[in-house]
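A.B. asks: Okay, handing you the structure first.
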Amino acid sequence: MATLHSDSRMLIAVRVVVVTTLLLAALLIQSTVDILLPIDYLYVTAGLTYAMTLLYIGLGKWVRSREINLVIQLAGDLIIETMLVYFTGGIDSPFSFLYLATIITGSMLLYRRGGLITASGAAILYGGLVDLMYYGVIPLPSVTFFSSGPWTPIRLYLTMATNFGGFYATALLTSYISEKLRVTFEELDANRQNLAALQALNQSIIRSIPSGLITVTHEGTMTFINPAGCEILGRSVQETIGRSIDSINLLSPDQWRHERLLLETTGIVRGELDYQRDIEARALGYAMTRLNTRRTDLSGVTVIFQDLTEMKQLEDQLRLKDRMAAVGELSAGIAHEIRNPLAAIAGSIQMLSKSERLTPQEQRLMSIAMKESDRLNKSIADFLRFVRPQEKRATDFDVAASLGETLLLLSNSQELGPSHTLVSSIEPPSFNIFGDPDQIRQVFWNLARNAIQAMPIEGRLEISTELDDQTYRIIFADSGRGMSASDQRRLFQPFRTSFPSGTGLGMAICYRIVQEHGGTISVESTEGRGTRITVALPLAVVHARGIVVAVGA
Ligand code: ADP
Ligand code: MG
């Protein structure tokens, strides 16, 4: 069952209040003033209004349309008002002003059309009534109370004209104002909706940008962080909002103060920093700007930041590639130039050493020269292997078995001391890939040797493999001395060594070989705790395409 429209309900309520007040006022006057007023018609009108009210309520429950309900009520009001006007003397009646109340209501609730229809209804009823009374079609009531003289045509038309003018003027004026009001309200509503939509848009933009965003008050308290910010910093909203910017170790208190001062003069401050997230260091780039809002408690600074770690790694790799290519070209040439005279020197010394006229001292010097030139030759050979790797002889071979053999060799070599533990879990124990077995074995050997050298006294080296449908991964995890972040970054650069008998070429050779097999080699290390080197060989490339990169310079 439908309930009454709020407009209809209000109209009914107002009407009941007005009629009841009128009635009570009449009764009060009746009882205080000692004259008998002819106000029976008031009782009749009030009673009728109450009856109609019940009718409206009943009707409103069946008729759903707001307009129809209102029109019925307004029409009823006009009829009752006309009756009141009739009983109180037609043009003599002071109650014609009541029409205005109905016209105002009509104009307000149904706007211009409603106002004009109500005004016309009032005009027709009023005009019809007084005309019919004037021409004696309906008898004049016996009321003399409000009578102000005989009905002359002039009076009749004047009264009618002023009333009609009043009706229409009221209708036009009221409906004009209420139309204006409606448009204003609608605009306001539209603006409110636009504002809400804009706010929602802003919110979702801030939520979905991949950069981190933090707002900080002048005092250094964080007031906002977006989801990307939480992700990059590895902290939850609870750990940030309401807390001091110092608590997240993004910028040190000194740095923060310095940047704030800079911001006052420049308006924007950019920079890069190393952020320690748990155990890993992330490279962040940031930009700070002033944040001015109307709410001074939220004003302060906006910090936008991005995780540049991957980008930096990529950059480093590219730089390394370039550098290795350049170094390779140049030094291969030089090495070659050394090798030829070296061979001549070594050959000459060998000839000379056969002479019988040499003193033992000279013999010894000769043999030193021979040994050293041999060593130099080997070093150059090693170096040339790095800058100009041998032709890759790729075959289908068992990489798991190769790894096993290398480890067996290692466990029997003098590299491994009694306090070293070697653990391996090679799963599956046999797995074929396409590549150069000698070169891959050299990678394993270099990595294992480095791991042992990184724990000269004692330690544990774990070698494991992982296989998924895209890659075959071999992991060397040692408990050695580890590397600093900057050492990690330079690990694959040639000629950087910290091992006593190192040349700094092992990792560079590994890098090159793995790269030529289409794979990647990555390092994770914590100083003082150990290092984990992962070689990932892509199955698709290794299997399907076989040799990818042409070998050698
Ligand atoms: P080399 O072994 O001749 O020094 P590498 O290229 O094999 O040259 O290694 C370069 C440097 O990287 C080493 O000198 C050492 O400082 C560091 N390094 C390599 N592997 C490890 C490891 N497992 N643990 C700690 N440091 C390592
Ligand atoms: Mg090495």
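Since every read-out is calculated from the coordinates, none of them should be taken as a lab result. In this text the structure is predicted, and so the values were computed from the model without any measurement. Cβ placement follows ideal geometry from the backbone for every residue including glycine, while neighbour counts extend to all protein chains displayed.
A.B. asks: Which of 317, 300, 345 sits farthest toward the positive end of the charge dipole of region 279-351, with +1 on the Cβ of Lys and Arg and -1 on the Cβ of Asp and Glu?
C.D. replies: My answer, from the dipole projection, is 300.
A.B. asks: Further, regarding this structure: Could you tell me the ratio Rg/Rh of region 1-93? Both radii from Cα atoms, Rh via Kirkwood.
C.D. replies: Rg/Rh for region 1-93 comes to 1.06.
A.B. asks: If neighbour count is taken as other Cβ atoms inside 10 Å, put 495, 224 in order from fewest to most.
C.D. replies: 495, 224
A.B. asks: Suppose every K and R has +1 on its Cβ and every D and E has -1 on its Cβ; what is the size of the dipole of region 214-352 about the Cα centre, in Debye to the nearest 20?
C.D. replies: Rounded to the nearest 20 debye, it is 220 debye.
A.B. asks: Here's another thing I want to ask about it. How large is Rg/Rh for region 290-350, to two decimals, with Cα atoms and a Kirkwood Rh?
C.D. replies: The Rg/Rh ratio comes out at 1.66.
A.B. asks: Using only Cα atoms, tell me the angle between helix 360-387 and the longest principal axis of the chain; keep it within 0 to 90° and round to the nearest 10.
C.D. replies: Compared with the principal axis, the helix lies near 30 degrees.
A.B. asks: Compute the semi-axes of the equivalent ellipsoid of region 254-409, taking the square root of 5 times each eigenvalue of the Cα gyration tensor, and list them largest first in whole Å.
C.D. replies: Computed over region 254-409, the values are 62, 24, 16 Å.
A.B. asks: Placing one identical point scatterer on every Cα of the chain and ignoring solvent, what is log10 I(q)/I(0) from the Debye formula at q = 0.06, 0.08 Å⁻¹?
C.D. replies: -0.62, -0.78
A.B. asks: Moving on to the next point. Can you pull a Stokes-Einstein diffusion coefficient for region 108-174 at 4 °C (1.567 mPa s), Rh from Kirkwood over Cα pairs, as a whole number of µm²/s?
C.D. replies: 98
A.B. asks: Can you work out the Karplus-derived ³J(HN,Hα) for every residue in region 41-55? Use 6.51 cos²θ - 1.76 cosθ + 1.60 with θ = phi - 60°, whole Hz, and x for glycine or proline.
C.D. replies: With the stated coefficients, region 41-55 comes to 4, 5, 4, 4, 4, 4, x, 4, 4, 4, 4, 4, 4, 4, 4 Hz.
A.B. asks: How many lysine pairs in the chain, separated by 8 or more positions in sequence or lying on different chains, have Cα atoms less than 24 Å apart?
C.D. replies: 5
A.B. asks: To the nearest 10 degrees, how steeply does helix 437-453 sit against the main Cα axis of the chain, on a 0 to 90 scale?
C.D. replies: 90
A.B. asks: When the Kirkwood hydrodynamic radius is evaluated over all pairs of different C-alpha atoms of region 104-218, what value in angstrom, to one decimal, is obtained?
C.D. replies: 19.2
A.B. asks: Grab the alpha carbons of region 429-545, take their convex hull, and tell me the volume per residue in Å³.
C.D. replies: It is 104 Å³ per residue.
A.B. asks: Out of 250, 281, 191, whose Cα points farthest toward the positive end of the dipole of region 172-292 (charges: +1 Lys, Arg; -1 Asp, Glu; placed on Cβ)?
C.D. replies: Of the options given, the answer is 191.
A.B. asks: For each of 64, 473, count neighbouring Cβ atoms within 10 Å of the residue's Cβ, then give the residues from fewest to most.
C.D. replies: 64, 473
A.B. asks: Roughly how big is region 298-402's charge dipole about its Cα centre, with Cβ charges of +1 (Lys, Arg) and -1 (Asp, Glu), in debye to the nearest 20?
C.D. replies: Dipole size: approximately 500 debye.
A.B. asks: Which one, 509, 65, 44, is farthest towards the positive end of the dipole of the chain when Lys and Arg carry +1 and Asp and Glu -1 on their Cβ?
C.D. replies: 509
A.B. asks: Additional query: Would you compute, from DSSP H runs of 4+ residues alone, the mean residue ellipticity of the chain at 222 nm, taking -39500 (n - 2.57) per run and dividing by the full residue count, rounded to the nearest 500?
C.D. replies: Computed ellipticity for the chain at 222 nm equals -19500 deg cm²/dmol.
A.B. asks: About the Cα centre, and with charges only on the beta carbon of Lys, Arg (+1) and Asp, Glu (-1), how big is the dipole of the chain? Nearest 20 debye, please.
C.D. replies: Rounded to the nearest 20 debye, it is 680 debye.
A.B. asks: Antiparallel versus total DSSP beta bridges in the chain: what percent is that, nearest 5?
C.D. replies: Expressed as a percentage, antiparallel bridges in the chain total about 90.
A.B. asks: At a threshold of 8 angstrom on Cα-Cα distance, excluding pairs fewer than six apart, so keeping six or more, what relative contact order does region 389-453 reach in percent?
C.D. replies: Relative contact order for region 389-453 comes out at 54 percent.
A.B. asks: How high is the relative contact order of the chain, in percent, with contacts defined as C-alpha pairs under 8 Å that are six or more residues apart?
C.D. replies: For the chain, the relative contact order is 7 percent.
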